[in-house]
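Trainee: Got a structure for you, questions after.
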Amino acid sequence: MTQANSPMLPAYPPRTSGMATASMVLGIVSIIALTCCCGTGFIPSVLAVVFGHVALYQIRRSAGRLEGTSMAIAGLVCGYIGLVMNLIAIIVAVLCFALSVITEHHHARVYRM
């Protein structure tokens with residue numbers, strides 16, 4: 001004799017990956033930090049990229065228990081853009097500083113003669 005109503009496991013909706021959320025937030029922070037102070041968004045950019053890749057891996061392996069692929073991709077895009085832009089800002093700042101030191105040294109030599 002079989003039962004018509006077999007016990008079913010409760011179906012839980014998938015939850016959003018915390019890593020995906022963190023990646024997106026840090027990616028946005030890295031771009032905002034770039035517009036406020038050049039070069040300060042480097043660490044959030046790196047973290048956004050790392051968290052985004054980890055989130056995508058976890059979401060793929062979760063068999064539908066985790067969601068947030070779009071947020072992880074948004075975090076990766078913002079993180080990579082922030083990373084490139086912050087590196088460019090740091091390089092430009094270093095070159096400007098070096099140019100100012102060279103120019104100042106040159107002016108000091110000219111006025112001494």
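The values are calculated or read from the model by the stated rules, or taken from the named source; none is laboratory data. Note that the structure is a prediction, hence the values are computed from the model and not measured. Note that each Cβ is placed from the backbone with ideal geometry, even for glycine, and that neighbours are counted across all protein chains shown.
Trainee: Has the stretch 64-78 got at least one residue that is more than 12 Å from residue 21 (Cα to Cα) and either under 12 Å from the mean Cα position of the chain (by Cα) or part of a helix (DSSP H, G or I) (or both)?
Mentor: Scanning the stretch 64-78 turns up at least one residue that is more than 12 Å from residue 21 (Cα to Cα) and either under 12 Å from the mean Cα position of the chain (by Cα) or part of a helix (DSSP H, G or I) (or both).
Trainee: Something else about it: For the stretch 40-57, state whether one or more residues are more than 24 Å from residue 93 (Cβ to Cβ), modelled with pLDDT of 90 or more and outside any helix (DSSP H, G or I).
Mentor: No, the stretch 40-57 contains no residue that is more than 24 Å from residue 93 (Cβ to Cβ), modelled with pLDDT of 90 or more and outside any helix (DSSP H, G or I).
Trainee: Scan the stretch 36-55 and report the pairs whose first residue is within 23 Å of residue 96 (Cβ to Cβ) and whose second residue is among the β-branched types (Val, Ile, Thr), with Cβ atoms within less than 6 Å and a gap of 6+ or a chain change.
Mentor: Going by the 6 Å Cβ cut-off, the qualifying pairs are 39/90.
Trainee: Let me ask another. Please specify each residue of the stretch 45-59 satisfying the condition of being under 11 Å from residue 79 (Cβ atoms) and hydrophobic (A, V, I, L, M, F, W, C).
Mentor: 46, 47, 48, 49, 50, 51
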